[in-house]
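Visitor: This is the structure I want to talk about, given as structure tokens.
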């Protein structure tokens, strides 16, 4: 892969499947890649514990990735959790809300994440900000939509008088294609790492080990991940 011009990338890295895949995507393209995680009082805070293992393991997959992987940052956004009455920040059942969105939607989360990421990228001299937002195979969150990301890029660049590029490599692919992308980037070794060490389950469960990884198996995040993995493996067999 030819290195992208620019001054490096900052990856929103939660410790989940999507952010791990986007980290691999960035390491394949940029000569300096830093990572950023957020602690906002999420029920699945265990995802933050996965990040160090994943960073170390990914550096071990590819010598170039090891050279390009830079500093890691974690920001405390407890205030976001405090003002959010959602199933991701409260011990409550996951269900559809009156708005038509699942109550796992944390209003403003990606807008806040990307704004803080831009502030950090500004200080670190990083032009590209990479996130795992996806509009194709998602829970309907409005702040995952391409239009939202494009509008926010304009606002951040105007407000900071700079030229950030908000990269969303998963925006138009589904979960099966996300597994395929991981395999193209890091082979079966990266796929196995994502299965074993990433965390996606909204309930924060790490006990049960399914073919697609750890999780409760019933929350929306687990169902999306399981369905994508099933289609990915079926396509590999048929192909």
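Visitor: Based on alpha-carbon positions alone, could you give the equivalent ellipsoid semi-axes of the chain from the gyration tensor, as √(5λ), descending, whole Å? If you can, show how the numbers build up before the last one.
Guide: Details: eigenvalues 124, 111, 54 Å².
Working through the eigenvalues yields semi-axes of 25, 24, 16 Å.
Visitor: GNM on the chain, C-alpha springs below 10 Å: top fluctuator among 123, 29, 184?
Guide: 123
Visitor: Right, another one. Would you mind telling me which residue in 208, 221, 117 has the biggest mean-square fluctuation in a Gaussian network model of the chain, where springs connect alpha carbons within a distance under 10 angstrom?
Guide: 208
Visitor: What full-extension length gain, to one decimal in nm, is calculated for residue 208 and residue 64 as 0.36 nm per residue of separation minus the Cα-Cα distance?
Guide: 48.5 nm
Visitor: Return the distance in nm (one decimal) between the two label points of a simple spin-label model at residue 151 and residue 53, each offset 7 Å from Cα along Cα→Cβ.
Guide: A separation of 3.9 nm, rounded to one decimal place.
Visitor: In percent, how large is the relative contact order of the chain, given Cα pairs closer than 8 Å and 6 or more residues apart?
Guide: The value is 22 percent.
Visitor: How high is the FRET efficiency from residue 122 to residue 192, r the C-beta distance, R0 45 Å, rounded to 0.05? Can you show the working numbers first?
Guide: Values: r = 36 Å, r/R0 = 0.81.
The pair residue 122/residue 192 has a calculated efficiency of 0.80.
Visitor: Report the residue, chosen from 220, 63, 169, that carries the largest GNM mean-square fluctuation when the chain is represented by alpha-carbon nodes joined by springs under 10 Å.
Guide: 63
Visitor: Given the DSSP H assignment, sum -39500 (n - 2.57) over each helix run of at least 4 residues in the chain and divide by its residue total; what's the result at 222 nm in deg cm²/dmol, nearest 500?
Guide: Mean residue ellipticity, 222 nm, calculated: -15000 deg cm²/dmol.
Quick note: the coordinates plus some simple rules give every number you see, no bench work behind them. Computed from a predicted model, the values in this text were never measured in an experiment. Heads up, the Cβs are rebuilt from the backbone with ideal geometry, glycines too, and the neighbour counts pull from every protein chain shown.
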